[in-house]
Amino acid sequence: MSRNRILIVDDEPAIREMVAVALELADFDVLEAENAQVAHERIVDERPDLVLLDWMLPSVSGIELARRLKREDATTEVPIIMLTAKSEEDNKIQGLDVGADDYITKPFSTRELIARIKAVLRRSSVAAAEKAIDVEGLCLDPVSHRISAHGNPVDMGPTEYRLLEFFMSHQERAYSRTQLLDQVWGANVYVEDRTIDVHIRRLRKALAPHGFDGFIQTVRGTGYRFSVKTSQAS
């Protein structure tokens, strides 16, 4: 199973390093950013599962970045935990009001931090599991298990549906065949790696009449990804 990816946004290298070590020991993948501009670029490009955001950042504050993330459609669903020395009640209320999912004051226990991260990820995964995903007219409804393209129904098998659901929930990331098999079939099920190629072809065939087959892209030397951008390696 793929590990959750956490972005640490803090201008103090020592704090980033301390938090990064704790997260890696807890089996998270870690990204880092020292200011709001770098953080926004990494969030858009690399789609972290959660952002740990310091309030006091140079140039653009963490609270302004949080406000921007919640305002933009591409980033509004990214969970945010404010991680800051500002401990006044008004600060906490302000942070939560702009859309932060939790608020932790410095100094903090890394054990508590990990527990809160896991709690926010659980809540966000439950909410995401019930929300329809729409990508440029291709819509997947996980509640009814229906797929439509510009309002027209799309028929496909259950395995292709699970593949598409995983892809649409993890856009712009390249996954190996082994990773896809673990995610879609489960780590305890033995299936040949090349089986994924068969189902990818079936998925593309189902999407082709509606013009969405190009979203399922081959990444040479790696595997596959779901992307609305023009593929350079398909």
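Would you please give the residues with an amide H less than 5 Å from that of Leu83, counting only those at least 5 places away or on a separate chain, with H modeled from the backbone geometry?
Sorted by chain and number, the residues that satisfy this are Leu53, Asp54, Trp55, Ile104.
If you average the sequence gap of Cα pairs under 8 Å that are 6 or more apart and divide by the length of the range 5-130, what percent do you get for the contact order?
22
How many angstrom separate the Cα center of the range 133-201 from the Cα center of the range 29-102?
30
For the range 114-120, in order, what is each residue's ³J(HN,Hα) by Karplus, 6.51 cos²θ - 1.76 cosθ + 1.60 with θ = phi - 60°, in whole Hz (x at glycine and Pro)?
Karplus values, whole Hz, x for Gly and Pro: 4, 4, 6, 4, 4, 5, 5.
Kindly flag which residue pairs out of Lys92/Lys131; Lys70/Lys106; Lys106/Lys229 have an alpha-carbon separation exceeding 32 Å in this structure.
Distance filter (> 32 Å) returns Lys106/Lys229.
Residues in the range 1-33 near a label at Arg123, defined as backbone nitrogen under 20 Å from the 7 Å Cα→Cβ point?
Taking a point 7 Å out along Cα→Cβ of Arg123, the residues of the range 1-33 whose backbone N falls under 20 Å are 4-9.
Straight-line reach from Lys205: which aspartates and glutamates have Cα under 18 Å away, leaving out those fewer than 8 places along the same chain?
Asp155, Glu160, Glu165, Asp197, Asp213
I need the calculated FRET efficiency for the pair Glu192 and Arg146, taking r as the beta carbon distance and R₀ as 22 Å, to the nearest 0.05.
0.15
Using DSSP loop states and a limit of at most 10 other Cβ atoms within 10 Å to flag GluC sites (Glu not before Pro), what is the longest stretch of the chain containing no flagged site?
Answer from the scan: 89-191.
Taking θ = phi - 60°, what integer Hz values does the Karplus form 6.51 cos²θ - 1.76 cosθ + 1.60 yield along the range 88-93, in sequence order, with x for Gly and Pro?
So the Karplus estimates, Gly and Pro as x, are 5, 4, 4, 5, 4, 5 Hz.
Assigning unit charges at the beta carbon (Lys, Arg +1; Asp, Glu -1) and nothing else, what dipole magnitude in debye, to the nearest 20, does the chain show about its Cα centre?
760
Give me the dipole magnitude in Debye, nearest 20, for the range 133-226 about the Cα centre, with unit charges on the beta carbon: positive for Lys and Arg, negative for Asp and Glu.
260
Give, rounded to the nearest 20 debye, the magnitude of the charge dipole that the range 1-138 has about its Cα centre when Lys and Arg contribute +1 at Cβ and Asp and Glu contribute -1 at Cβ.
I would put it at about 400 debye.
Where both residues lie in the chain, what percent of DSSP beta bridges are antiparallel, nearest 5?
If we restrict to bridges inside the chain, about 50 percent are antiparallel.
A short reminder: the numbers here are calculations on the coordinates, not readings from a lab. Fair warning: this is a prediction, and the values are worked out from it, not measured in the lab. Using ideal geometry, Cβ is built from the backbone for each residue, glycine included, and neighbour counts are taken over all protein chains shown.
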